[in-house]
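Engineer: I'd like to ask some things about the structure below.
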Amino acid sequence: MNQLTQYRFSFGPWNISEGADPFGGEVRPVFPHEDKFALYRPLGFEGVQFHDDDVVPGMDELSAAQIESKASEVRKMLHNQGLTPEFVAPRLWFAKQTTDGAYTSNCASERAYAWERTKKCIDIARALDCKGIVLWLAREGTYIREAKDARLAYQRLLETVNAILDYDKNVEVWIEPKPNEPTDQAYVPTIGHAIALAYASHAPTRVKGLIESAHALLAGLDPSDEMAFALAHDKLASVHLNDQNGLKYDQDKNFGAVNLRAAFNQVRVLEEAGYGKRGEFIGLDVKAFRTQRGYPVTDHLRNSRALFLMLVEKVRSLDQTIVEQCRESRDYEALELYLLKHLMGLQ
Ligand code: 3MF
Ligand code: MG
(Lines give C-alpha, C1' and ligand atoms only; values in the text may rest on other atoms or scores of the structure.)
(Ligands and ions follow the chains in the order given, each with its own letter.)
Protein backbone atom coordinates (compact mmCIF):
# COMPACT_ATOMS: atom_id res chain seq x y z
CA MET A 1 0.00 0.00 0.00
CA ASN A 2 1.04 3.53 -0.68
CA GLN A 3 2.63 4.94 2.49
CA LEU A 4 0.95 8.09 3.78
CA THR A 5 3.23 11.11 3.80
CA GLN A 6 4.52 12.09 7.23
CA TYR A 7 4.69 15.85 6.76
CA ARG A 8 7.60 17.81 8.21
CA PHE A 9 7.18 21.49 8.97
CA SER A 10 9.52 24.47 8.83
CA PHE A 11 9.53 28.23 9.32
CA GLY A 12 12.06 31.04 9.51
CA PRO A 13 12.89 32.96 12.69
CA TRP A 14 11.36 36.10 11.15
CA ASN A 15 7.96 34.45 11.61
CA ILE A 16 8.22 35.00 15.36
CA SER A 17 8.01 38.74 15.11
CA GLU A 18 7.62 41.48 17.64
CA GLY A 19 4.86 43.21 15.74
CA ALA A 20 6.70 46.05 14.00
CA ASP A 21 5.13 47.29 10.76
CA PRO A 22 5.91 50.24 8.45
CA PHE A 23 3.80 52.47 10.73
CA GLY A 24 5.19 51.61 14.11
CA GLY A 25 7.91 49.80 15.98
CA GLU A 26 7.82 46.68 18.10
CA VAL A 27 4.87 46.12 20.41
CA ARG A 28 6.53 43.20 22.19
CA PRO A 29 10.07 43.00 23.56
CA VAL A 30 12.60 41.72 21.05
CA PHE A 31 12.92 37.97 21.37
CA PRO A 32 16.53 36.84 20.93
CA HIS A 33 17.20 34.82 17.86
CA GLU A 34 18.88 31.88 19.56
CA ASP A 35 15.95 31.50 21.93
CA LYS A 36 13.64 31.07 18.97
CA PHE A 37 15.24 27.75 18.05
CA ALA A 38 14.13 26.18 21.33
CA LEU A 39 10.52 26.86 20.31
CA TYR A 40 10.56 24.82 17.11
CA ARG A 41 10.23 21.25 18.37
CA PRO A 42 7.55 21.97 20.99
CA LEU A 43 5.52 23.67 18.25
CA GLY A 44 5.84 20.61 15.98
CA PHE A 45 8.46 22.03 13.59
CA GLU A 46 11.84 20.56 12.72
CA GLY A 47 13.04 22.62 9.74
CA VAL A 48 14.66 26.03 10.09
CA GLN A 49 14.68 28.47 7.19
CA PHE A 50 17.46 31.01 7.33
CA HIS A 51 18.55 34.25 5.84
CA ASP A 52 22.35 34.24 5.66
CA ASP A 53 22.66 36.88 8.38
CA ASP A 54 20.24 34.99 10.64
CA VAL A 55 23.05 32.43 10.82
CA VAL A 56 25.95 34.89 10.87
CA PRO A 57 24.86 38.34 12.07
CA GLY A 58 27.06 41.16 10.76
CA MET A 59 28.52 38.88 8.08
CA ASP A 60 29.51 41.75 5.77
CA GLU A 61 32.11 42.79 8.36
CA LEU A 62 33.51 39.30 8.97
CA SER A 63 36.33 37.27 7.41
CA ALA A 64 35.71 33.94 5.69
CA ALA A 65 37.18 32.13 8.70
CA GLN A 66 34.95 34.02 11.16
CA ILE A 67 31.89 33.27 9.03
CA GLU A 68 32.79 29.60 8.89
CA SER A 69 33.30 29.37 12.62
CA LYS A 70 30.02 31.10 13.49
CA ALA A 71 28.09 28.95 10.98
CA SER A 72 29.64 25.79 12.46
CA GLU A 73 28.49 26.90 15.91
CA VAL A 74 24.93 27.26 14.61
CA ARG A 75 25.16 23.88 12.95
CA LYS A 76 26.03 22.27 16.30
CA MET A 77 23.27 24.13 18.04
CA LEU A 78 20.71 22.95 15.45
CA HIS A 79 21.98 19.41 15.77
CA ASN A 80 21.65 19.50 19.56
CA GLN A 81 18.05 20.64 19.26
CA GLY A 82 17.16 18.02 16.61
CA LEU A 83 16.62 20.67 13.94
CA THR A 84 17.42 20.63 10.22
CA PRO A 85 18.44 23.72 8.26
CA GLU A 86 16.13 23.73 5.23
CA PHE A 87 17.66 26.57 3.23
CA VAL A 88 19.75 29.71 3.44
CA ALA A 89 18.69 32.83 1.49
CA PRO A 90 21.01 35.78 0.83
CA ARG A 91 19.32 38.83 2.36
CA LEU A 92 19.98 41.10 -0.59
CA TRP A 93 17.42 43.78 0.12
CA PHE A 94 18.69 45.54 3.27
CA ALA A 95 22.15 46.80 2.38
CA LYS A 96 22.70 50.28 0.97
CA GLN A 97 24.42 48.61 -2.00
CA THR A 98 21.16 46.93 -3.02
CA THR A 99 18.82 49.91 -2.95
CA ASP A 100 18.19 49.55 -6.70
CA GLY A 101 18.49 45.79 -6.86
CA ALA A 102 21.35 43.35 -6.39
CA TYR A 103 22.07 41.16 -9.43
CA THR A 104 20.15 43.54 -11.72
CA SER A 105 21.47 46.81 -10.35
CA ASN A 106 22.66 49.21 -13.03
CA CYS A 107 25.85 49.74 -11.03
CA ALA A 108 28.75 47.29 -11.51
CA SER A 109 30.14 47.68 -7.98
CA GLU A 110 26.70 46.99 -6.50
CA ARG A 111 26.36 43.84 -8.61
CA ALA A 112 29.82 42.84 -7.40
CA TYR A 113 28.70 43.30 -3.77
CA ALA A 114 25.65 41.09 -4.49
CA TRP A 115 27.84 38.32 -5.85
CA GLU A 116 30.34 38.49 -2.97
CA ARG A 117 27.46 38.32 -0.53
CA THR A 118 25.93 35.38 -2.41
CA LYS A 119 29.21 33.43 -2.24
CA LYS A 120 29.30 34.01 1.53
CA CYS A 121 25.71 32.78 1.73
CA ILE A 122 26.68 29.59 -0.09
CA ASP A 123 29.68 29.17 2.25
CA ILE A 124 27.29 29.46 5.18
CA ALA A 125 24.93 26.88 3.67
CA ARG A 126 27.87 24.52 3.15
CA ALA A 127 29.00 24.96 6.76
CA LEU A 128 25.45 24.11 7.87
CA ASP A 129 25.37 21.07 5.59
CA CYS A 130 22.40 22.52 3.79
CA LYS A 131 21.95 22.32 0.04
CA GLY A 132 19.07 24.76 -0.57
CA ILE A 133 19.85 28.36 -1.54
CA VAL A 134 16.64 30.38 -1.79
CA LEU A 135 16.57 33.41 -4.02
CA TRP A 136 13.71 35.71 -3.14
CA LEU A 137 14.62 38.36 -5.72
CA ALA A 138 13.22 41.19 -3.65
CA ARG A 139 14.61 44.24 -5.43
CA GLU A 140 15.21 42.67 -8.83
CA GLY A 141 12.61 44.76 -10.58
CA THR A 142 11.73 48.38 -11.07
CA TYR A 143 9.52 51.21 -9.86
CA ILE A 144 9.37 52.61 -13.39
CA ARG A 145 9.78 50.45 -16.48
CA GLU A 146 12.41 52.67 -18.09
CA ALA A 147 14.77 52.40 -15.11
CA LYS A 148 16.47 49.19 -16.31
CA ASP A 149 16.96 47.14 -19.43
CA ALA A 150 14.61 44.24 -18.65
CA ARG A 151 16.18 41.88 -21.19
CA LEU A 152 19.62 42.48 -19.72
CA ALA A 153 18.16 42.00 -16.25
CA TYR A 154 16.96 38.50 -17.17
CA GLN A 155 20.39 37.69 -18.59
CA ARG A 156 22.01 38.87 -15.38
CA LEU A 157 19.67 36.72 -13.31
CA LEU A 158 20.49 33.70 -15.44
CA GLU A 159 24.24 34.41 -15.16
CA THR A 160 23.84 34.55 -11.39
CA VAL A 161 21.97 31.25 -11.27
CA ASN A 162 24.74 29.66 -13.38
CA ALA A 163 27.46 31.21 -11.23
CA ILE A 164 25.87 29.76 -8.07
CA LEU A 165 25.64 26.33 -9.69
CA ASP A 166 29.32 26.54 -10.66
CA TYR A 167 30.50 27.89 -7.30
CA ASP A 168 29.26 24.83 -5.47
CA LYS A 169 28.28 21.67 -7.32
CA ASN A 170 26.20 20.43 -4.41
CA VAL A 171 23.82 23.32 -3.91
CA GLU A 172 20.40 23.75 -5.42
CA VAL A 173 18.92 27.13 -6.30
CA TRP A 174 15.32 27.51 -5.19
CA ILE A 175 13.72 30.61 -6.68
CA GLU A 176 10.84 32.16 -4.72
CA PRO A 177 8.75 34.23 -7.14
CA LYS A 178 6.81 37.31 -6.07
CA PRO A 179 5.20 39.80 -8.45
CA ASN A 180 5.63 43.03 -6.49
CA GLU A 181 6.62 44.57 -3.14
CA PRO A 182 9.07 46.06 -2.54
CA THR A 183 9.35 46.88 -6.27
CA ASP A 184 6.38 47.86 -8.41
CA GLN A 185 7.06 45.02 -10.85
CA ALA A 186 9.45 42.16 -10.19
CA TYR A 187 11.36 40.35 -12.94
CA VAL A 188 10.46 36.89 -11.62
CA PRO A 189 6.77 37.20 -10.74
CA THR A 190 5.55 33.62 -11.17
CA ILE A 191 6.77 30.04 -10.97
CA GLY A 192 6.69 29.88 -14.77
CA HIS A 193 9.41 32.54 -14.89
CA ALA A 194 11.45 30.68 -12.29
CA ILE A 195 11.17 27.39 -14.15
CA ALA A 196 12.13 29.01 -17.44
CA LEU A 197 15.33 30.18 -15.73
CA ALA A 198 15.87 26.64 -14.45
CA TYR A 199 15.69 25.12 -17.91
CA ALA A 200 17.89 27.85 -19.37
CA SER A 201 20.59 27.21 -16.75
CA HIS A 202 23.66 24.94 -16.97
CA ALA A 203 22.18 22.40 -14.56
CA PRO A 204 18.37 22.40 -14.76
CA THR A 205 17.98 19.57 -12.24
CA ARG A 206 19.54 21.79 -9.56
CA VAL A 207 17.25 24.78 -10.08
CA LYS A 208 13.78 24.62 -8.56
CA GLY A 209 11.10 26.81 -7.09
CA LEU A 210 9.67 27.75 -3.72
CA ILE A 211 6.04 28.81 -3.99
CA GLU A 212 4.42 31.12 -1.47
CA SER A 213 0.60 31.09 -1.51
CA ALA A 214 0.29 34.85 -0.98
CA HIS A 215 2.77 35.63 -3.74
CA ALA A 216 0.75 33.60 -6.25
CA LEU A 217 -2.44 35.37 -5.14
CA LEU A 218 -0.74 38.75 -5.55
CA ALA A 219 0.03 37.72 -9.14
CA GLY A 220 -3.68 36.99 -9.64
CA LEU A 221 -2.97 33.25 -9.85
CA ASP A 222 -4.27 30.24 -7.99
CA PRO A 223 -1.55 28.88 -5.66
CA SER A 224 -2.59 25.25 -6.20
CA ASP A 225 -2.20 25.60 -9.98
CA GLU A 226 1.19 27.24 -9.51
CA MET A 227 2.21 24.33 -7.28
CA ALA A 228 0.84 21.78 -9.75
CA PHE A 229 2.86 23.40 -12.55
CA ALA A 230 6.08 23.15 -10.54
CA LEU A 231 5.26 19.59 -9.48
CA ALA A 232 4.62 18.56 -13.08
CA HIS A 233 8.21 19.64 -13.81
CA ASP A 234 9.47 18.00 -10.59
CA LYS A 235 10.61 21.42 -9.48
CA LEU A 236 8.80 22.14 -6.25
CA ALA A 237 11.56 22.33 -3.67
CA SER A 238 9.59 24.04 -0.93
CA VAL A 239 6.45 26.01 -0.14
CA HIS A 240 5.56 29.01 1.96
CA LEU A 241 1.97 28.34 2.86
CA ASN A 242 -0.06 31.31 4.08
CA ASP A 243 -3.03 33.38 2.93
CA GLN A 244 -3.80 36.79 1.48
CA ASN A 245 -6.97 38.88 1.52
CA GLY A 246 -7.11 40.46 -1.93
CA LEU A 247 -4.63 42.61 -3.77
CA LYS A 248 -2.87 44.64 -1.12
CA TYR A 249 0.44 44.51 0.74
CA ASP A 250 1.84 41.03 1.36
CA GLN A 251 -0.13 39.92 4.41
CA ASP A 252 1.30 36.51 5.33
CA LYS A 253 -2.00 35.59 7.00
CA ASN A 254 -2.55 32.19 8.57
CA PHE A 255 -2.84 29.33 6.12
CA GLY A 256 -6.50 28.91 5.14
CA ALA A 257 -7.63 32.00 7.05
CA VAL A 258 -9.07 33.78 4.00
CA ASN A 259 -9.95 31.05 1.55
CA LEU A 260 -10.33 27.60 3.01
CA ARG A 261 -11.18 26.03 -0.33
CA ALA A 262 -8.05 27.44 -1.97
CA ALA A 263 -6.04 26.14 1.00
CA PHE A 264 -7.69 22.73 0.63
CA ASN A 265 -6.72 22.66 -3.04
CA GLN A 266 -3.09 23.44 -2.23
CA VAL A 267 -3.01 20.56 0.23
CA ARG A 268 -4.79 18.31 -2.28
CA VAL A 269 -2.29 19.05 -5.04
CA LEU A 270 0.68 18.51 -2.72
CA GLU A 271 -0.74 15.29 -1.31
CA GLU A 272 -1.71 13.90 -4.72
CA ALA A 273 1.80 14.51 -6.08
CA GLY A 274 3.47 12.86 -3.08
CA TYR A 275 5.14 16.13 -2.09
CA GLY A 276 7.04 15.57 1.13
CA LYS A 277 7.88 11.94 0.50
CA ARG A 278 11.46 12.88 -0.38
CA GLY A 279 11.77 14.99 2.75
CA GLU A 280 10.50 18.29 1.32
CA PHE A 281 9.19 20.54 4.08
CA ILE A 282 5.85 22.23 4.53
CA GLY A 283 7.13 25.74 5.16
CA LEU A 284 4.84 28.30 6.74
CA ASP A 285 5.52 31.99 6.12
CA VAL A 286 2.92 33.47 8.46
CA LYS A 287 3.01 36.71 10.38
CA ALA A 288 1.96 37.25 13.98
CA PHE A 289 -0.76 39.87 14.42
CA ARG A 290 0.51 43.15 15.81
CA THR A 291 -2.48 43.02 18.14
CA GLN A 292 -1.66 39.62 19.66
CA ARG A 293 -0.89 39.54 23.38
CA GLY A 294 1.67 37.25 24.94
CA TYR A 295 5.38 36.68 24.60
CA PRO A 296 6.70 35.18 22.47
CA VAL A 297 3.77 35.00 20.08
CA THR A 298 3.60 31.64 18.29
CA ASP A 299 -0.09 30.72 17.99
CA HIS A 300 -0.17 31.67 14.29
CA LEU A 301 2.46 28.98 13.60
CA ARG A 302 0.75 26.34 15.72
CA ASN A 303 -2.64 27.14 14.18
CA SER A 304 -1.47 27.20 10.56
CA ARG A 305 0.24 23.84 11.04
CA ALA A 306 -2.89 22.39 12.68
CA LEU A 307 -5.05 23.72 9.86
CA PHE A 308 -2.75 22.12 7.28
CA LEU A 309 -3.05 18.76 9.02
CA MET A 310 -6.84 19.08 9.25
CA LEU A 311 -6.94 19.72 5.53
CA VAL A 312 -4.74 16.67 4.92
CA GLU A 313 -7.48 14.65 6.61
CA LYS A 314 -10.08 16.35 4.40
CA VAL A 315 -8.08 15.43 1.32
CA ARG A 316 -7.61 11.84 2.46
CA SER A 317 -11.30 11.40 3.22
CA LEU A 318 -12.47 12.84 -0.09
CA ASP A 319 -14.48 10.22 -1.94
CA GLN A 320 -12.45 9.81 -5.09
CA THR A 321 -15.22 7.75 -6.71
CA ILE A 322 -17.60 10.69 -6.49
CA VAL A 323 -14.94 13.01 -7.88
CA GLU A 324 -14.27 10.66 -10.80
CA GLN A 325 -17.99 10.15 -11.50
CA CYS A 326 -18.59 13.89 -11.59
CA ARG A 327 -15.61 14.40 -13.89
CA GLU A 328 -16.79 11.57 -16.13
CA SER A 329 -20.31 12.97 -16.44
CA ARG A 330 -18.93 16.52 -16.58
CA ASP A 331 -21.24 17.47 -13.72
CA TYR A 332 -19.13 20.14 -12.06
CA GLU A 333 -22.18 21.52 -10.23
CA ALA A 334 -22.46 18.23 -8.37
CA LEU A 335 -18.70 18.15 -7.81
CA GLU A 336 -18.70 21.64 -6.34
CA LEU A 337 -21.60 20.94 -3.99
CA TYR A 338 -20.00 17.68 -2.85
CA LEU A 339 -16.72 19.46 -2.23
CA LEU A 340 -18.27 22.32 -0.25
CA LYS A 341 -20.33 19.92 1.89
CA HIS A 342 -17.23 17.85 2.49
CA LEU A 343 -15.32 20.94 3.62
CA MET A 344 -18.17 21.87 5.95
CA GLY A 345 -18.19 18.37 7.40
CA LEU A 346 -21.66 17.64 6.01
CA GLN A 347 -20.58 14.81 3.75
C1 3MF B 1 8.86 38.07 1.16
C2 3MF B 1 9.02 36.73 1.72
C3 3MF B 1 10.29 36.46 2.45
C4 3MF B 1 10.99 35.25 1.93
C5 3MF B 1 12.23 35.00 2.71
C6 3MF B 1 12.99 33.80 2.23
C7 3MF B 1 10.22 37.36 4.65
O8 3MF B 1 7.62 38.31 0.69
O9 3MF B 1 8.14 35.91 1.61
O10 3MF B 1 9.98 36.28 3.82
O11 3MF B 1 10.16 34.14 1.99
O12 3MF B 1 13.02 36.10 2.61
O13 3MF B 1 13.25 33.85 0.90
MG1 MG C 1 8.05 33.77 1.68
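The values are calculated or read from the model by the stated rules, or taken from the named source; none is laboratory data. Worth saying up front: this structure is predicted, and the values here are computed from it rather than measured. Cβ sites come from the backbone with ideal geometry, for glycine too, and all protein chains shown count toward neighbours. Please note that ligands, DNA and RNA were not included when accessible areas were found on the heavy atoms of the full protein model with its side chains. Shrake-Rupley method; radii C 1.70, N 1.55, O 1.52, S 1.80 Å.
Engineer: Output the number of residues of segment 262-302 satisfying the condition of being part of a helix (DSSP H, G or I), of a type in the set (D, E, K, R) and either within 19 Å of the chain's Cα centre (by Cα) or surrounded by 15 or more Cβ atoms within 10 Å (Cβ to Cβ) (or both).
Structural biologist: 3
Results for (1) under 15 Å from Thr183 (Cβ atoms); (2) surrounded by fewer than 19 Cβ atoms within 10 Å (Cβ to Cβ); (3) out of contact with any His (no Cβ under 7 Å at 6 or more places or on another chain), shown as yes or no for each residue.
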site: Cys130; (1), (2), (3): no, no, yes
site: Ile144; (1), (2), (3): yes, yes, yes
site: Ala147; (1), (2), (3): yes, yes, yes
site: Leu152; (1), (2), (3): no, yes, yes
site: Gln155; (1), (2), (3): no, yes, yes
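Engineer: Related question: Does segment 88-103 contain any residue that is away from ligand 2 (no atom under 16 Å from the Cβ) and more than 24 Å from Pro57 (Cα to Cα)?
Structural biologist: no
Engineer: Given the structure, is Val315 away from ligand 1 (no atom under 16 Å from the Cβ) and part of a helix (DSSP H, G or I)? Spell out how you get there, then give the answer.
Structural biologist: Details: away from ligand 1 (no atom under 16 Å from the Cβ): yes; part of a helix (DSSP H, G or I): yes.
Criteria met by Val315.
Engineer: In addition: Residue check: is Thr160 of a type outside the set (Gly, Ala, Ser) and assigned to a loop (DSSP other than H, G, I, E, B)? Outline the logic, then answer.
Structural biologist: Details: of a type outside the set (Gly, Ala, Ser): yes; assigned to a loop (DSSP other than H, G, I, E, B): no.
Here the answer is no, as Thr160 does not meet what is asked.
Engineer: Shifting gears a bit: Does Arg305 count as outside any strand (DSSP E or B) and under 18 Å from the mean Cα position of the chain (by Cα)?
Structural biologist: Here the answer is yes, as Arg305 does meet what is asked.
Engineer: Here is a follow-up. Which condition from (1) under 30 Å from Glu46 (Cα atoms); (2) open to solvent by less than 40 Å² (accessible area, probe 1.4 Å) is the one that His342 breaks?
Structural biologist: (1)
Engineer: For segment 171-183, check the following and say yes or no: at least one residue is away from ligand 1 (no atom under 16 Å from the Cβ) and open to solvent by 50 Å² or more (accessible area, probe 1.4 Å).
Structural biologist: No.
Engineer: A further question on this structure: Looking at His240, His215, His193, which one is within 20 Å of Arg139 (Cβ to Cβ) and free of Cβ contacts under 8 Å to residues at least 24 places away in the same chain?
Structural biologist: Numbers: His240 fails: free of Cβ contacts under 8 Å to residues at least 24 places away in the same chain; His215 fails: free of Cβ contacts under 8 Å to residues at least 24 places away in the same chain.
Sole residue among the options that is within 20 Å of Arg139 (Cβ to Cβ) and free of Cβ contacts under 8 Å to residues at least 24 places away in the same chain: His193.
Engineer: Let me ask something else. If you take the residues in segment 198-214 that are open to solvent by less than 30 Å² (accessible area, probe 1.4 Å) and within 16 Å of ligand 1 (Cβ to nearest atom), which one is nearest to Ser238 (Cα to Cα)?
Structural biologist: Applying the filter and picking the extreme gives Leu210.
Engineer: State all residues of segment 201-233 that are in a strand (DSSP E or B) and among the charged types (D, E, K, R); if no residue qualifies, say none.
Structural biologist: Those that are in a strand (DSSP E or B) and among the charged types (D, E, K, R): Lys208, Glu212.
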